[in-house]
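The values are calculated or read from the model by the stated rules, or taken from the named source; none is laboratory data. This is a predicted model, so every value here is computed, not measured. All Cβ positions, even for glycine, are placed from backbone atoms using ideal geometry, and neighbour counts span all protein chains on display.
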């Protein structure tokens with residue numbers, strides 16, 4: 001049985017990824033930070049399988065170590081690691097004072113350091129994959145490419161993830177592939193946190209005239225795992241053509 005571990009698995013994108021893999025016969029390990037109830041609800045929705053949930057904020061080294069021990073004992077390996085956990089907050093790019101040091105640190109620690117910490121912790125279990133080549137998918141954002149997103153630090157954190165993807169794609173080959181899946185604006189619960197003017201601007205500048213859904217990102221991640229098996233170090237956009245504008 002193939003196994004996938006999804007950080008931030010209870011959120012909009014994470015839950016769609018978990019469901020996509022479970023529907024295709026994978027055992028799914030869902031990690032969460034604060035969404036215990038949503039994680040429990042998601043677990044109940046997944047098709048039959050040896051699924052698990054685990055409280056493991058990616059910035060908490062002790063929790064990540066406990067997660068690694070749990071996965072080692074229960075599964076013995078993983079085939080796919082999806083680094084999906086991330087945070088942000090809307091701050092206008094020209095309001096430098098509103099982007100506090102605290103938020104800069106939180107965003108970089110979760111989005112970049114947390115992604116690296118999970119990769120470091122699970123590298124050995126990935127090398128035990130039942131696949132010829134295991135896979136790490138880092139959920140990035142086109143904000144890291146064109147510098148327009150919820151705030152300046154968020155854009156920087158996603159650019160850092162893309163750079164890390166390229167570095168690790170080279171460093172971990174040939175046993176482990178590393179790919180960034182880079183969505184545009186994804187519709188979800190947090191959409192209501194954004195200014196309607198910002199949302200309209202995003203929609204107007206998306207050639208396919210809709211926002212991405214969680215399932216669009218999940219389909220891309222699953223395709224990387226099952227179809228794009230000769231890709232590593234790549235940045236794959238799921239943006240409805242946003243970068244064309």
| remark: If we ask which residues in the stretch 213-229 are part of a loop (DSSP other than H, G, I, E, B), in contact with a strand residue (DSSP E or B) (Cβ under 9 Å, 6 or more places away or on another chain) and either free of Cβ contacts under 8 Å to residues at least 24 places away in the same chain or more than 16 Å from residue 138 (Cα to Cα) (or both), their number turns out to be 1
| said: Just the residues that are in contact (Cβ under 8 Å) with a residue 24 or more places away in the chain, in a loop (DSSP other than H, G, I, E, B) and under 22 Å from residue 168 (Cβ atoms), please, taken from the stretch 230-245. | reply: 231, 232, 233, 234
| said: Being within 22 Å of the chain's Cα centre (by Cα) and in a helix (DSSP H, G or I) is the filter here; which residues of the stretch 165-198 pass it? | reply: 165, 166, 167, 168, 169, 170, 171, 189, 190, 191, 192, 193
| query | Of the residues 8, 76, which is within 13 Å of the chain's Cα centre (by Cα), in a loop (DSSP other than H, G, I, E, B) and at positive phi? | reply | 8
| task | Check the stretch 124-134 and report whether any residue there is surrounded by 17 or more Cβ atoms within 10 Å (Cβ to Cβ) and assigned to a helix (DSSP H, G or I). | result | yes
| Out of the stretch 11-25, which residues are surrounded by fewer than 24 Cβ atoms within 10 Å (Cβ to Cβ) and not in a helix (DSSP H, G or I)? | 24, 25
| said: Exactly one of these conditions fails for residue 153: (1) part of a helix (DSSP H, G or I); (2) in contact (Cβ under 8 Å) with a residue 24 or more places away in the chain; (3) under 16 Å from the mean Cα position of the chain (by Cα); (4) buried (at least 21 other Cβ atoms within 10 Å of the Cβ). Give me its number. | reply: (3)
| query | Among the numbered criteria (1) at pLDDT 90 or above; (2) outside any loop (DSSP other than H, G, I, E, B); (3) touching a helix residue (DSSP H, G or I) at 6+ places or on another chain (Cβ under 9 Å), which single criterion is violated by residue 210? | reply | (2)
